[in-house]
Each structure stands twice: as structure tokens, then as C-alpha cells.
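See below for the structure under consideration.
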Amino acid sequence: MKTAAIVSALLLAGAAIAQDRVDEIWGHATNRLVDQLDQSFEDGDFPFVVSMLRVSFADEPKNYDTATNLGWMLENVQEWGQAEDFYKQFRLDNPGNPEAAYPLGFFYYLRKRYTDAEKVLEPTVKVAVHPNTFRVLAKCYEREKKYSEAIRIWELQIKKWPDDLPAKANIERVKKKM
């Protein structure tokens, strides 16, 4: 009985050590990939960067940072349709992530497709965890001269972040436009 317990303990310890080693190797591989991506970006080899980000994203399809980096790079090489499709898919694949809609909404905002941005971002303000969601949505409403809607969003932002002085200033600025 003691022998079985000792063997089990050694196997478990070995498995933990082996997993630590695997994690360390993957950490170094990831760091090397990031270094290569940075260098390729600086060299202007954007197609390579896009390809490597696709590989990286396939490995971690829920990783927000990798997703936004890939989408941004697609925009950077003016692959607007691919970027939009990618952002849409990321949003659909991550319904539990309250920020998964933001990249698509921000994409629409930058493309001056304010109504599309509103449709994407409005449902998220109840669960959004970042003030940029509110800022972009309020700006969309303002650009469409929907001033009361813009004020409503700024006020929702202030409820979540009461010390946000720019949001308070934006309310006053928008009120003057009414």
C-alpha cells in the first residue's frame, strides 16, 4: 500500500514538473513569436504579421488582444471586408465577453458608419466594462445629431465612473448643441 502511494505521489510530482516545463517552453515560444512580430511590423512586412496573427489567434480564439491586433492589421493593409468579417465572427464566437462587440463597433465608427456602430454597441452598455464603449457610442449619436441619446450614454458612463470629468464636460458640450 505504501509503495502504491509513493509511486502515485512521484507520478503526480513528475506530471506537475513536466507541465511546468511545457508551460515554460510555450512561454519562450510565445515571446519569440511576439519579438518576430514586432520586428516584422517595424520592417513593414505586414502580410507576414497578418499571417502570424492568424496562426496565433487560431491557437487562442478567445484572446481579445490577439483578435484586436489581427483586426487592426487587416485594417492597416486596407482589407476592410476581411476586417469587418473577422470582427463580426469574433463577436459571434464570444457572446460571454461583454467587450467582444467593441472592435466591430469601433470599426464602424472609424468608417463613419454610425448607425451600424450604434446597433452593435447599444446592447452592450448594460454590461460593458470599458468606458470606450460609452465614448464611441455617445460620439456616434452626437455625429448623427441625436443629442438626447448622446447625453443618455454619457450619463450612463458617469453612473459607472462618477469621477469621469471628460464625460461630464461632454454632456455640457452636447447640451449646448441642442
- Query: Which longest run of the chain has no exposed loop site in it, a site being trypsin sites (Lys or Arg not before Pro) in a DSSP loop with at most 14 other beta carbons within 10 Å, and the site itself not part of the run?
  - Reply: 1-61
- Query: Which residues does a label at H130 reach in segment 141-178, if reach means a backbone N under 17 Å from a point 7 Å past the Cα toward the Cβ?
  - Reply: 157, 161
- Task: Compute the Cα gyration tensor for segment 12-113, then decide on rounded, prolate or oblate, letting a ≥ b ≥ c be the square roots of its eigenvalues: rounded whenever a/c is under 1.5, prolate when a/b is larger than b/c in the other cases, and oblate in all that remain.
- Result: oblate
- Task: Starting from the Kirkwood radius over alpha-carbon pairs of the chain, derive D by Stokes-Einstein at 4 °C in a medium of 1.567 mPa s and give it in µm² s⁻¹.
- Result: 67
- Task: Please work out the FRET efficiency for the pair A58 and W26, using the Cβ-Cβ distance as r and a Förster radius of 22 Å; give the result to the nearest 0.05.
- Result: 0.90
- Query: Per the 1.4 Å probe, what fraction of the accessible area of segment 100-178, in percent, lies on carbon and sulfur atoms?
  - Reply: 57
- Item | Where labels lie 7 Å past Cα in the beta-carbon direction, separation of K119 and K160 in nm | 2.2
- When ligands, DNA and RNA are left out and all protein chains stay put, how many square angstrom of accessible area per residue does segment 15-117 have with a 1.4 Å probe? 61
- Item | With Cα atoms, 0 to 90° folded angle of helix 80-93 axis to the chain main axis | 70
- Reach of K139 by Cα under 29 Å, taken over lysines that are not fewer than 8 positions away in the same chain: K62, K88, K112, K119, K126, K159, K160, K168, K175, K176, K177
- In segment 51-177, taking the dipole from +1 charges on Lys and Arg beta carbons and -1 charges on Asp and Glu beta carbons about the Cα centre, the listed residue (P61, L121, G81) farthest towards the positive end is L121
- If a/c stays under 1.5 just call it rounded; otherwise compare a/b with b/c (prolate if a/b is bigger, oblate if not). Do that for segment 55-138, with a ≥ b ≥ c from the square roots of the Cα gyration tensor eigenvalues. oblate
- Task: Measure nothing but the geometry: give the 0 to 90° angle between the long axis through the Cα atoms of 2-43 and the longest principal axis through the Cα atoms of the chain, rounded to 10°.
- Result: 50
- Query: Where does helix 165-177 land angle-wise versus the long Cα axis of the chain, in degrees 0 to 90, nearest 10?
  - Reply: 30
- Message: Taking R0 as 35 Å, what FRET efficiency do you get between M178 and D35 from their Cβ-Cβ distance, rounded to the nearest 0.05?
- Response: 0.10
- Unit charges on C-beta of K, R, D, E only; dipole of segment 117-178, Debye: 180
- Message: Restricting to DSSP H runs of at least four residues, report the calculated mean residue ellipticity at 222 nm for the chain, -39500 (n - 2.57) per run over all residues, nearest 500 deg cm²/dmol.
- Response: -26000 deg cm²/dmol
- Item | Longest to shortest principal axis, alpha-carbon extents of segment 88-178, angstrom | 40, 27, 16
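The values are calculated or read from the model by the stated rules, or taken from the named source; none is laboratory data. If you're wondering where the values come from, they're calculated on a predicted model, not measured in any experiment. Because the Cβ atoms are built from the backbone with ideal geometry, glycine has one as well, and the counts that use them run over all protein chains shown. Just the protein is used for accessible areas: all its heavy atoms, side chains included, with ligands, DNA and RNA removed. Shrake-Rupley method; radii C 1.70, N 1.55, O 1.52, S 1.80 Å.
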